[in-house]
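Contents: one structure, followed by commentary.
Values in this text are rule-based calculations from the coordinates and carry no lab data. Computed from a prediction, not measured in an experiment: that's the story for all the values here. Reconstructed Cβ throughout: ideal geometry from the backbone, glycine too, with neighbour counts over all protein chains shown.
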Amino acid sequence: MDRRNFMKGCAAAGLFGTGIPSVWAADATVGDFYQQSFSTLEGESRSMADYLGKPLLVNFWATWCPPCVKEMPDLDALSQEFPDVRFLGVAVDTVGNVNKFLLKTPVSYDILVAGHRGIQIMRDLGNRQGGLPYTMLFDSEGTEQHRVLGQIAKASLAIELASLAG
């Protein structure tokens with residue numbers, strides 16, 4: 001799928017979200033997020049349950065999203081600064097687009113791919129608009145601690161990360 005068709009699909013999902021089957025029931029909890037699996041860049045399945053046990057930052061992003069791309073170097077720097085917190089990028093995109101993008105803009109943290117269903121997952125996690133980027137912090141038990149809709153402010157996020165890592 002090319003980038004233009006992917007973006008059209010995302011736009012349609014944003015306007016007609018009820019057309020995409022919900023990943024969870026209407027009363028979904030953040031805990032349900034850890035029951036999900038996403039594709040690795042190699043096409044294998046990776047369970048979110050693998051990320052329990054340490055604090056976790058999850059950043060929903062896409063290659064075609066300018067604020068997402070702009071914040072990636074900051075997220076990468078923070079991942080180095082806070083090694084006790086796991087960082088995960090969840091791409092609302094295709095594996096092909098993400099692999100091409102990461103050749104030009106590599107990051108040191110894990111990247112998984114949610115595809116179109118990432119929009120509904122974000123909505124289920126409290127991002128009613130389905131906007132990108134969307135960043136969430138979880139403690140080691142998977143309880144949500146903080147969220148940011150839109151581009152992160154590196155200094156503010158560092159304070160939140162320090163409270164989780166400590």
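Hydrodynamic analysis of the stretch 111-166 uses the Kirkwood radius over alpha carbon pairs. Inserted into Stokes-Einstein at 10 °C and 1.306 mPa s, it gives a translational diffusion coefficient of 129 µm²/s. Taking the Cβ of LEU149 as the center, what net charge do the other residues with Cβ under 12 Å away carry, scoring Lys and Arg +1 and Asp and Glu -1? Net local charge, LEU149 excluded: +3. Our coupling estimate for the stretch 150-166, obtained by passing each phi through the Karplus curve with A = 6.51, B = -1.76, C = 1.60 and θ = phi - 60°, is x, 5, 6, 9, 3, 5, 5, 5, 4, 5, 5, 5, 4, 5, 7, 6, x Hz, Gly and Pro reported as x. Neighbour counts of other Cβ atoms within 10 Å put MET136, MET72 in the fewest-to-most order MET72, MET136.
The order of ARG123, ARG128, going from fewest to most other C-beta atoms within 10 Å of their C-beta, is ARG128, ARG123.
Label zone (LEU102, point 7 Å along Cα-to-C-beta; backbone nitrogen cut-off 13 Å) within the stretch 59-96: 63, 88-96.
Cross-link partners for LYS70 among the aspartates and glutamates, with Cα-Cα distance under 17 Å and sequence neighbours closer than 8 places in the same chain left out: ASP93. In this simple spin-label model, placing a label point 7 Å from the Cα along the Cα-to-Cβ direction at both ASP74 and ARG147 gives a separation of 1.9 nm.
In terms of other Cβ atoms within 10 Å, ASP93, ASP84, ASP110, ASP124 run from fewest to most in the order ASP84, ASP110, ASP124, ASP93.
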